[in-house]
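The values are calculated or read from the model by the stated rules, or taken from the named source; none is laboratory data. If you're wondering where the values come from, they're calculated on a predicted model, not measured in any experiment. Note that each Cβ is placed from the backbone with ideal geometry, even for glycine, and that neighbours are counted across all protein chains shown. Keep in mind that these areas ignore ligands, DNA and RNA; they rest on the heavy atoms of the full protein, side chains included. Shrake-Rupley method; radii C 1.70, N 1.55, O 1.52, S 1.80 Å.
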Amino acid sequence: MQQFPRRLLTVVTEAVLERELVAELEALGVRGYTITDARGKGSRGRRQSDWAQESNIRVEVVCEPALAERVAGHLRDRYYDHYAMVLFLQDVSVLRPEKF
Amino acid sequence: MPQLDPVIWFFVLGVAAGAARADLRLPGAIYEFVSTVLLLAIGLKGGVELARDTGAMPITELGSILLLGFVLPLPAFAIAYYVGRLARADAASLAAHYGSVSVGTFAVVVSYLATRDIAFEARAPVWVVLLEVPAILAGILLARGLSGDVAWRHLMRELFLGRSIVLLLGGLAIGWLAGPEGSSSIQPLFFDLFKGILALFLLEMGLIAAAQLPTLRHHGLFIVLFGVAVPVAFAIVGAGLGQVLGLSPGGITVLATLAASASYIAAPAAIRTAVPEANPALSLTAALAVTFPFNIVVGIPLYERIAVALAG
C-alpha cells in the first residue's frame, strides 16, 4: 500500500478563539481540519470543558509540511503572547495525498 | 432568617459542592440548554405581556438606558485604574464586565418579584438587550482608544448576534405574535417550569463560581471590595434613573438590579478577543465569584427596598 508523508499540526487553545482561528486557517490555505472539545491542565491552570468561557479546543490539521510550518509560525506570532495555546507538529502518512 | 427563594439554595449547593470538590458536574450541553430555555422564557413572558397592553417604550427611556450602558463603565474604570492600580487593560475589562449585564441575575430578580406578586414593566427584557452591548464597546474603547486595531466589524457581529440578544428578542417577538392565548401551548415548558430550570441553572452557576475561588484568593481584597461596592453604587444610579423615567417600583428594582449586575458571558468573550492582554480570570472571578452571589442573595432584596423608598 502506497503511503504519502504529510505533517499533522495539533493546536490546543481557548475555545473562544475557534471562529477566528478557523477563518485564519482557511485564509492560509488549509483545506480541512478537525476540532474537538478538550480539557486539561497547563501553565495557565486547569481548563474545564463544561463551560464555554473556560473551555479548550483541539484543532488538528493534516497538510503539506510547508503549509504546516506557515500555519504554526502564524499562530505563534499572533496568539502566543496573550492566549493559552500549545501547538506541535508530527509526521504522519496518508493514503489519499490529493485530500491533504 | 429572611425568606430566601428556594432557587438560591441551589446556588449555595453548587458553591458548596464545588468548593468541597464533590463529584458533581453538569455537562456543558445541559448548561447551554438550561440557559437557552431561561432566555427564551424571559423573552416570551415579556412578549405575551406586551401583547396584552400596547405600552410602547418611550424614546427617552430607550435612549437613557442605552446611555446608562455607555456611562457606567467610566466610574468603574476610574476606580479600578486609579484606586485599584490595575493595568489599563485589566481596568477596562472590569469596566466592560460591570457596565454590561448578567442575564442570570435578571432571571433571579424576575423570579424574586414574581414570588412576591410585584408587577414590573413587560418590556424589561428590552432593557437587558439595551444594556448588554454599550458597556462592552466602552470598555474596549477605554483599553484601546479610538484608533486601536480592533476588528470592529467582526466584533459587532459577534456582539449583536450573541445568544442572549437573539434569544431574548426572539422570545419577545414570538410571545408578542402568539399573544396570551396562542402561547398557552408552550406554557408548560417555558412558564410553569421556569423555577425548576432556574434552579438547575443556579446549581451550575454555583459550581462555576466555586471554580473561581482559588483565583479570588490570588487577587485579594480589592476584587472583593470592588465586586460589592460597585454593584451597590450602580444599583442606586439605576434606581434613580428608573424613578426619573417613572417606572413602577418593580421596574425600578429590575433596572437597579441590571445596573448592579456584571456580565460573565458576553463581556468575557468579547474582551478576550478585543483586549487579549487583559487578564480574563480577574474580571470573570469578580463578576462570578463576588458580584453574582452578592446580588442574588443580598443585593436584590436591598435594591427592592431602595426602589420602594424611591417610589414611595
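The orientation-averaged shadow of the Cα convex hull for the protein assembly as shown, equal to a quarter of the hull surface, comes to 23.1 nm². Computed from Cα positions, the angle between helix A:65-79 and the longest principal axis of chain A comes to roughly 20 degrees. For the range A:4-94, the Cα-based Rg and Dmax, in that order, read 12.9, 39 Å.
Determine which lysines satisfy two conditions relative to B:Lys45: a Cα distance under 20 Å, and not lying fewer than 8 residues away in the same chain. Correct list for B:Lys45: B:Lys195. With viscosity 1.567 mPa s and temperature 4 °C, the Kirkwood radius over alpha carbon pairs of chain B converts through Stokes-Einstein to a diffusion coefficient of 67 µm²/s. Remark: accessible area buried at the B-A interface is about 1500 Å², both chains counted, probe radius 1.4 Å.
Dividing the summed -39500 (n - 2.57) terms of all DSSP H runs of n ≥ 4 by the residue count of chain A sets its mean residue ellipticity at 222 nm at -8000 deg cm²/dmol. Tally Lys and Arg at +1 and Asp and Glu at -1 over the other residues with C-beta under 12 Å from the C-beta of B:Ala107: what net charge comes out? Net charge around B:Ala107: +1. Computed with a 1.4 Å probe over protein heavy atoms only, the accessible area of B:Glu158 comes to about 80 Å². In a reduced charge model with +1 at each Lys and Arg Cβ and -1 at each Asp and Glu Cβ, the range A:4-94 shows a dipole moment near 240 debye about its Cα centre.
Peptides B:74-83, B:101-110 ranked from most to least packed by the mean count of surrounding Cβ atoms within 10 Å: B:101-110, B:74-83. Each listed q (0.25, 0.30 Å⁻¹) maps to a log10 I(q)/I(0) for the range B:123-169, found by the Debye formula over equal Cα scatterers with no solvent: -0.92, -1.11. Summing charges over neighbours of B:Leu284, with a neighbour being any other residue whose Cβ is under 12 Å away from its Cβ, gives -1 when K and R count +1 and D and E count -1. Within the accessible area of the protein assembly as shown, what % is carbon and sulfur when the probe is 1.4 Å and the other protein chains stay in place? C and S fraction of accessible area: 62 percent. Only helices enter this figure: runs of n ≥ 4 DSSP H residues, each worth -39500 (n - 2.57), summed and divided by the residues of chain B, yield -23000 deg cm²/dmol at 222 nm to the nearest 500. When both the range A:61-86 and the range B:41-118 are represented by their alpha-carbon centers, they are found 39 Å apart.
Using a 7 Å offset from Cα along Cα-Cβ at B:Ala87, what residues in the range B:249-279 end up with backbone N under 16 Å from the label point? Answer for this model: B:271-279.
Per residue, the protein assembly as shown exposes an accessible area of 46 Å² to a 1.4 Å probe, with every protein chain left in place.
At an R0 of 30 angstrom, the distance between the Cβ atoms of B:Arg157 and B:Phe70 translates into a FRET efficiency of 0.90.
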